[in-house]
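The values are calculated or read from the model by the stated rules, or taken from the named source; none is laboratory data. All figures in this text were calculated on a predicted structure; none of them were measured in a lab. Quick reminder, even Gly has a Cβ in these numbers, built from the backbone with ideal geometry, and neighbours come from all protein chains shown. For accessibility, only protein heavy atoms count, side chains too; no ligands or nucleic acids. Shrake-Rupley method; radii C 1.70, N 1.55, O 1.52, S 1.80 Å.
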Amino acid sequence: MDGDTLFTIGALARRTGLTVKTIRFYSDTGIVPPTDRSPAGYRLYGIGALARLDLVRTLRDLGLDLAVIRQVLDREVSVPEVAAAHADALEVQIRTLRLRRAVLRAVAKRGSTPDEMDLMHKLAKLSDNERRRLITDFIDDTFGGFDANADFVDMMRSAMPELPDDPEPHQVDAWVELAELTQDPDFRAAVRRMAEYQAAERAQGDVTGLHHDLTETVRDSVGHALDAGIAPASAEAAPIIDALTARYAQTFSRADDADLRHWLLTRLEIAGDPRAERYWHLLAVINGWPVPPSLAPVFTWFTEALRAHTPQPRVQ
């Protein structure tokens with residue numbers, strides 16, 4: 001009967017395709033122990049050794065080390081348990097390899113220096129929690145301690161960078177730029193100034209929150225002016241500015257007068273840092289969101305037109 005058949009190491013090697021040296025090693029380590037020995041003292045193996053060797057080869061091909069294989073063969077752990085654990089480990093390795101590939105492609109595209117490449121690699125391999133912590137620390141540092149616009153701060157805290165497991169090079173590029181931007185002391189100071197301004201406005205009774213509708217009104221009105229080639233300082237710009245300041249006066253419950261226009265110029269100056277818009281643009285690229293068109297030309301025209309059509313305060 002096959003169950004009574006015994007094989008020499010050479011016979012096992014021919015049947016399994018493994019080398020005699022490999023089988024002897026597995027035998028010496030107790031992974032595939034001999035069933036018996038010949039009168040001359042040579043190791044002999046039963047039919048079960050064939051099955052064990054096939055399983056060992058399969059598990060080795062899947063990347064399992066011998067200690068784990070021994071646990072499987074000794075039934076200390078089951079094959080499904082080992083498979084699940086190693087599948088999870090492979091996911092981490094695959095994600096790491098994908099990140100490395102994306103970093104290398106980004107480096108190749110940018111022509112980065114060794115220092116830049118090192119920085120890109122360190123930032124790209126941060127965990128999701130580490131990326132969120134970096135952005136959260138930036139928000140805490142710039143808005144912490146100020147009673148700023150709560151809706152705006154909530155919006156910032158809800159928009160975290162979520163770099164995909166298989167990022168494109170431009171997403172890695174965007175994440176590195178965002179990380180560098182949030183560490184820029186000058187940008188942090190500009191955002192703190194925005195937080196201080198919002199807190200001061202709230203202290204004066206402003207609880208209007210976000211103003212998406214107002215932004216859309218400015219975009220539409222100024223967009224038409226830009227399309228029509230209307231210069232900010234021209235007479236044709238005056239009624240556009242009049243209509244927009246009336247809308248601001250209504251939204252903020254203020255008188256539509258020269259004071260409103262000076263207040264609005266200050267507001268536009270503080271909110272007009274192009275790096276703030278870049279922050280949201282980079283987040284959109286990283287997270288795969290639609291990237292909205294830049295509002296910089298719109299608000300640049302608005303600011304220039306408002307300044308041109310606002311009377312200067314009289315010197316006392």
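Relative contact order for segment 195-316: 35 percent, from Cα pairs under 8 Å spaced at least 6 residues apart, divided by residue count. The local environment of Pro164, defined by Cβ-Cβ distances under 13 Å, has a net charge of -1 under the rule Lys, Arg +1 and Asp, Glu -1. If you wrap the chain in the convex hull of its Cα atoms and look at it from every side, the mean projected area works out to 27.2 nm². Taking K and R as +1 and D and E as -1, what net charge do the other residues with C-beta under 12 Å from the C-beta of Glu177 add up to? Every neighbour counted, the sum reads -1.
Every helix of 4 or more DSSP H residues in the chain counts as -39500 (n - 2.57), and over all residues that averages to -22000 deg cm²/dmol at 222 nm.
Evaluated on segment 156-293, the Kirkwood hydrodynamic radius is 17.5 Å, with distances taken between all distinct Cα atoms.
Taking only the C-alpha atoms of segment 16-132, Rg followed by Dmax gives 22.2, 71 Å. Dipole magnitude for the chain: computed about the Cα centre from +1 point charges on Lys and Arg Cβ and -1 point charges on Asp and Glu Cβ, it is near 1660 debye. With a cut-off of 12 Å on the backbone N, no residue of segment 289-305 is near the modelled label site 7 Å out from Asp151 along Cα-Cβ. Annotation: amide H of Leu44 within the under-5 Å range of Thr35, Asp36, Arg37, Ser38, sequence separation 5 or more or interchain, hydrogens built in the peptide plane. Charge dipole of segment 244-316 (Cα centre as origin; +1 on each Lys and Arg Cβ, -1 on each Asp and Glu Cβ, all else neutral): 20 debye, rounded to the nearest 20. Farthest towards the positive end of the charge dipole of the chain, among the residues Val298, Pro80, Val285, is the Cα of Pro80, using unit charges on the Cβ of Lys, Arg, Asp and Glu.
Computed on the Cα trace of segment 78-219, the radius of gyration divided by the Kirkwood hydrodynamic radius gives Rg/Rh = 1.12.
Couplings 3J(HN,Hα) for segment 118-131, derived from phi with the Karplus relation 6.51 cos²θ - 1.76 cosθ + 1.60 (θ = phi - 60°), are 4, 5, 4, 5, 5, 6, 5, 8, 4, 6, 4, 5, 5, 5 Hz, where x marks Gly and Pro.
Roughly how many percent of the accessible protein surface of the chain is carbon and sulfur, given a 1.4 Å probe and a whole-percent answer? Solvent-exposed carbon and sulfur of the chain make up 54 percent of the total. The charge dipole of segment 124-221, taken about the Cα centre with unit charges on the Cβ atoms of Lys, Arg (+1) and Asp, Glu (-1), comes to about 320 debye, rounded to the nearest 20.
Divided by 2.2 N^0.38 Å, where N counts the residues, the Cα radius of gyration of segment 1-49 comes to 1.04. For helix 169-182, report the angle its Cα long axis makes with the longest principal axis of the Cα atoms of the chain; keep it between 0 and 90° and round to the nearest 10°. That helix lies at roughly 60 degrees to the long axis.
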